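The values are calculated or read from the model by the stated rules, or taken from the named source; none is laboratory data. All values derive from a computational prediction rather than experimental measurement. Don't worry about glycine lacking a Cβ; one is built from the backbone with ideal geometry, like all the others, and counts go over all protein chains shown.
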């Protein structure tokens, strides 16, 4: 990853350390991060800059960030962290939970324009207009999608972040970002659990949004026991007494809310609530960095105990 021609780039280890600081302290932009690096001696020490070293230009820092995405550094960082001799004994290898959350895109409703180039003025007054993802897209971030969290809630241009946690201490073990749609949570769950189950049979706790027959069948087909919360208010649940009668089902449902702590921390302290990046790849990298940051905050307390 080091530059072999032209001017020397930002050392990747310093780039990664600075991005960790951004997540751990909730710095809202790379420009503000560079400003704080300029005067904060603690930040300089952590990144590896001496008090006299010049701080990088914010634009150069943002462009260099893509080098980490191309080398898949964040995925390798997560894998190495979870394989650490002190961390691995803390993780469950059989029992997991999956959930998703909305990440607000860095695009406004004004940018949501017709794909065919139709004239809607400046986009500010869209009341009474039919605006759908099939016919419209954002000119600012075309990969974002208009999505509402629940009936009666406002629709926003968003991405959807998905996380897998182990049930022993609620540490994140995998993450994925997809475009926001009604099928995204279930398809992402199946893809991530397909990688986890290679070591043997596993269980997964999920909420009512995952209670569909096709999803439950897909999990069982890959040797995953679905401990999905029953959604039988308006239809028949895909989970029956053959699953709920076991004590493990109740344990999975009691441990499942731990995954909300990750999303809560990422949106309150990290950079997960409203992304400052455009495009699925960059948003996914920032989401993975938030999962790593959460684990790093939790691990010292767990290891001390």
query = Name the residues in the stretch 1-41 that are within 24 Å of residue 75 (Cα to Cα) and loosely packed, with under 15 Cβ neighbours inside 10 Å, would you?
reply = 1, 2, 3, 13, 28, 29
message = Suppose we filter the stretch 179-197 for residues that are touching a helix residue (DSSP H, G or I) at 6+ places or on another chain (Cβ under 9 Å) and crowded, with 20+ Cβ neighbours inside 10 Å; how many remain?
response = 4
key: Residue within the stretch 173-183 that is assigned to a loop (DSSP other than H, G, I, E, B) and touching a residue at least 60 places away in the same chain (Cβ under 8 Å) present   = yes
task = Report the residue count in the stretch 56-81 for those that are within 18 Å of the chain's Cα centre (by Cα) and surrounded by 14 or more Cβ atoms within 10 Å (Cβ to Cβ).
result = 9
request  = Check off (1) in the same structural domain as residue 227 (by TED's automatic domain parsing); (2) not in a strand (DSSP E or B) for residue 151 and give me the number that stays unchecked.
outcome  = (1)
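Okay, residues lined up against (1) in the same structural domain as residue 63 (by TED's automatic domain parsing); (2) more than 18 Å from residue 77 (Cα to Cα); (3) modelled with pLDDT under 95; (4) in contact with a helix residue (DSSP H, G or I) (Cβ under 7 Å, 6 or more places away or on another chain):
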position: 234; (1), (2), (3), (4): no, yes, yes, no
position: 237; (1), (2), (3), (4): no, yes, yes, no
position: 241; (1), (2), (3), (4): no, yes, yes, no
position: 248; (1), (2), (3), (4): no, yes, yes, no
position: 269; (1), (2), (3), (4): no, yes, yes, no
position: 277; (1), (2), (3), (4): no, yes, yes, yes
position: 287; (1), (2), (3), (4): no, no, no, no
position: 296; (1), (2), (3), (4): no, no, no, no
task = Could you look through the stretch 198-239, keep only residues that are surrounded by 14 or more Cβ atoms within 10 Å (Cβ to Cβ) and farther than 24 Å from residue 173 by Cα, and pick out the one that is nearest to the chain's Cα centre (by Cα)?
result = 212
ask   = over 11 Å from the mean Cα position of the chain (by Cα), closer than 20 Å to residue 88 by Cα and assigned to a helix (DSSP H, G or I) - does that describe any residue in the stretch 278-293?
value = yes
Verdict on residue 111 being under 30 Å from residue 208 (Cβ atoms), at pLDDT below 95 and surrounded by 10 or more Cβ atoms within 10 Å (Cβ to Cβ) = no
message = Against the definition (within 30 Å of residue 93 (Cα to Cα), modelled with pLDDT of 90 or more and either assigned to a loop (DSSP other than H, G, I, E, B) or over 25 Å from the mean Cα position of the chain (by Cα) (or both)), how does residue 186 come out, yes or no?
response = no
query = Any residue at all in the stretch 251-274 that is part of a loop (DSSP other than H, G, I, E, B), surrounded by fewer than 19 Cβ atoms within 10 Å (Cβ to Cβ) and touching a residue at least 12 places away in the same chain (Cβ under 8 Å)?
reply = yes
